[in-house]
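Inspection log for the structure reproduced underneath, given as C-alpha cells.
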Amino acid sequence: MESVVGNASEEDGSQGDHPVVIVAPPVSPAEAARLAAQHDNQASRLLVSESRGQHAAGKCAWDLVAMVGFSADRRSAVAWIIAEAIMKFRCGKSRAFPCWRAAALSENAVSNDDRELVLSFVTSVFGRPDAVEPGDTKAKEGKSNHLEGFVAEWLWHLIMKEQRAAHRERRYLSEPSYSVTEQGEDGFAVYAPPGANVSLFFRLWEIKKHNTENSVVTATVQRASDQLKTRGLQYLAKLTSAHRQTDGDLGGLFAELGDLWINADPRAGAGVGVATNTVAPPATCFSPLETTLDQFANAGQLEGLLCVIENFTEFADEVRRMVWSAL
C-alpha cells in the first residue's frame, strides 16, 4: 500500500552547483476539475489512508488520511472538490452556484451583474479578492482568519460522506456550519448496524486544525476532547431542538441524544478530527480522547480522524484560490 506519510520525492533542475528553481504555473480550475472527475469527484480517492489505533474497549480507533508529496495538480484537484462542495452548499438553489462554476471552469470572471450576488455567498468566509493585501498574514476586512479551520471541517465532512464500511450504514451526516464562528457541533453522524430492526447510534465530533510547530498534535486532540467533555451535552441539546420535527427512528434518536450521552449508552459516542501539517504523527495521538471521555468504554465508541496535509496553510489558500477564480 502507498505510504501515507512517506517522504516526498521531488526532482529539480540543476546546472553545476547552482540549482535551477522551476516555478510551475498554477493549476487552473478546469484542469483540477478534470482530474477530480477521473476520481469520481471524491476527495478520498485522491488521498491515501490507513487505519490505526485499536477497535477495542476504551480505545480510539482512528484513520490516518494524508496528502504528502503530492503533485501540484493532485493537490489542486482535492482543493477543487472542496471548493465546489462549499459553494454548492453555500449558494443553495440560487443561480449563484451555476454562475460561479461556469465562470471558474471557463477561466472568465462572472459578469458585473452577477459578481455581487456570488460575492454575497463568498465574502463571510473567503473574503473579497480585492480586499486582501499581498503578503498580509493578519485578518483584514474581507479576509477570514478562520479559513484553515473551515477547510478542515469540510475535508472531514467529505471524507465521512464518502466513507463506506461493512459494519455500519450511515443514516445522517450534518453539514458544516455556514458561519465559521457559529457555536455548536462541528460534526455529527448517525449510523445503523447491518440488518433489520436495529437501533440507530451516533457520534459527536469536534474538529480542529493544528498548524503550529510549537505544540504536538496530541495537545490539539486534548483541547478537542476537553471541549467535547464540557460542551458536548449542549451541542446535543441544540441538535435535539433543531430536529424536533424529524419523524421516525431518526427523530426518536434526536429526542434521546442527551440521555444517551449522559448515560454513556452504547449508542452514543464521540470523535475528534484534526487537520495538520505534521507529517509524522505520534502513534498515540488520540490517547487524550481515551482518557478524557473514558466513560465511553465500549469498543468503537471513540473515533479519530487525522488528516496530514503537507503545507496545510498553502492548501487552504489553494481552496480559496479556486473559489476566487470566478471573481
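Filter region 184-199 down to the residues that are buried (at least 19 other Cβ atoms within 10 Å of the Cβ) and not in a strand (DSSP E or B), then identify the one that is modelled with the highest pLDDT.
For region 184-199, the residue satisfying everything is Asp186.
Could you list all residues from region 280-321 that are out of contact with any Cys (no Cβ under 6 Å at 6 or more places or on another chain), over 24 Å from Ala32 (Cβ atoms) and part of a helix (DSSP H, G or I)?
Hits for region 280-321 are Ser287, Pro288, Thr291, Thr292.
Applying the selection to region 222-238, what residues are touching a residue at least 24 places away in the same chain (Cβ under 8 Å) and closer than 23 Å to Leu257 by Cα? Give the derivation first.
Taking region 222-238 as the starting set, the residues that turn out to be touching a residue at least 24 places away in the same chain (Cβ under 8 Å) are 222, 224-226, 228-229, 232-233, 235-236, 238.
Those that are touching a residue at least 24 places away in the same chain (Cβ under 8 Å) and closer than 23 Å to Leu257 by Cα: Ala224, Ser225, Asp226, Leu228, Lys229, Gly232, Leu233, Tyr235, Leu236, Lys238.
For the structure I just gave you, tell me whether Lys238 is under 25 Å from Asp294 (Cβ atoms) and outside any helix (DSSP H, G or I). Quick ask: steps written out before the conclusion?
On the way: under 25 Å from Asp294 (Cβ atoms): yes; outside any helix (DSSP H, G or I): no.
When the stated conditions are applied, Lys238 does not pass them.
State which residue is nearest to Thr291 (Cα to Cα) when the search covers only region 211-225 and only residues that are at pLDDT 95 or above and in contact with an Asp or Glu (Cβ under 9 Å, 6 or more places away or on another chain).
Looking at the filtered set, the residue picked out is Ser225.
Here's the yes/no breakdown for (1) modelled with pLDDT of 90 or more; (2) in contact with a Gly (Cβ under 7 Å, 6 or more places away or on another chain); (3) within 28 Å of Leu305 (Cβ to Cβ); (4) among the hydroxyl-bearing types (Ser, Thr, Tyr):
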residue	(1), (2), (3), (4)
Leu117	yes, no, no, no
Val122	yes, no, yes, no
Phe126	yes, no, yes, no
Glu141	no, no, no, no
Ala152	yes, no, yes, no
Leu155	yes, no, yes, no
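Here is a check on your reading of the model: is Ala270 within 21 Å of Cys60 (Cβ to Cβ), in contact with a Lys or Arg (Cβ under 7 Å, 6 or more places away or on another chain), of a type in the set (Gly, Ala, Ser) and surrounded by 15 or more Cβ atoms within 10 Å (Cβ to Cβ)? Full working, then the answer.
Numbers: within 21 Å of Cys60 (Cβ to Cβ): yes; in contact with a Lys or Arg (Cβ under 7 Å, 6 or more places away or on another chain): yes; of a type in the set (Gly, Ala, Ser): yes; surrounded by 15 or more Cβ atoms within 10 Å (Cβ to Cβ): yes.
In short, yes.
Within region 263-274, is there a residue that is more than 30 Å from Thr313 (Cβ to Cβ), modelled with pLDDT under 95 and of a type outside the set (A, V, I, L, M)? Show your work before the answer.
Applying the first criterion (more than 30 Å from Thr313 (Cβ to Cβ)) to region 263-274 yields 263-269.
Filter once more, so that each one left must be modelled with pLDDT under 95: none.
The answer is no; no qualifying residue exists.
Which of (1) under 14 Å from Lys209 (Cα atoms); (2) free of Cβ contacts under 8 Å to residues at least 60 places away in the same chain is the odd one out, the single condition Ala275 does not satisfy?
Exception for Ala275: condition (2).
Can you list the helices (runs of 4 or more DSSP H) found entirely within region 40-134 that contain at least 2 residues being in contact (Cβ under 8 Å) with a residue 40 or more places away in the chain and over 20 Å from the mean Cα position of the chain (by Cα)?
Values: elements: 43-46, 72-91, 96-106, 112-126.
It comes to 96-106, 112-126.
Based on what the data block shows, is Thr218 polar (S, T, N, Q), within 22 Å of the chain's Cα centre (by Cα) and part of a helix (DSSP H, G or I)?
Details: polar (S, T, N, Q): yes; within 22 Å of the chain's Cα centre (by Cα): yes; part of a helix (DSSP H, G or I): yes.
Considered against the rule, which asks whether it is polar (S, T, N, Q), within 22 Å of the chain's Cα centre (by Cα) and part of a helix (DSSP H, G or I), Thr218 comes out as yes.
Run Val23 past the list (1) closer than 30 Å to Ser287 by Cα; (2) aliphatic (A, V, I, L, M); (3) at pLDDT 50 or above and report the number of the one that doesn't hold.
(1)
Residues of region 144-183 being in contact (Cβ under 8 Å) with a residue 60 or more places away in the chain, surrounded by fewer than 18 Cβ atoms within 10 Å (Cβ to Cβ) and within 17 Å of the chain's Cα centre (by Cα), which ones?
Scanning region 144-183 gives Glu162, Gln163, Tyr172, Glu175, Tyr178.
Here is a yes/no grid of residues against (1) within 27 Å of Ala192 (Cβ to Cβ); (2) buried (at least 18 other Cβ atoms within 10 Å of the Cβ); (3) of a type in the set (Phe, Trp, Tyr):
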site	(1), (2), (3)
Val216	no, no, no
Thr220	no, yes, no
Ser225	yes, yes, no
Tyr235	yes, yes, yes
Lys238	yes, no, no
Ser241	yes, no, no
Thr246	yes, no, no
Phe254	yes, yes, yes
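Pick from Thr313, Thr284: which is in contact (Cβ under 8 Å) with a residue 12 or more places away in the chain, over 20 Å from Phe70 (Cα atoms) and among the β-branched types (Val, Ile, Thr)?
Details: Thr313 fails: over 20 Å from Phe70 (Cα atoms).
Step by step, each of Thr313, Thr284 is checked, and only Thr284 is in contact (Cβ under 8 Å) with a residue 12 or more places away in the chain, over 20 Å from Phe70 (Cα atoms) and among the β-branched types (Val, Ile, Thr).
The values are calculated or read from the model by the stated rules, or taken from the named source; none is laboratory data. This one's a predicted model, so the numbers in the text were calculated from it and none came from an experiment. Because the Cβ atoms are built from the backbone with ideal geometry, glycine has one as well, and the counts that use them run over all protein chains shown.
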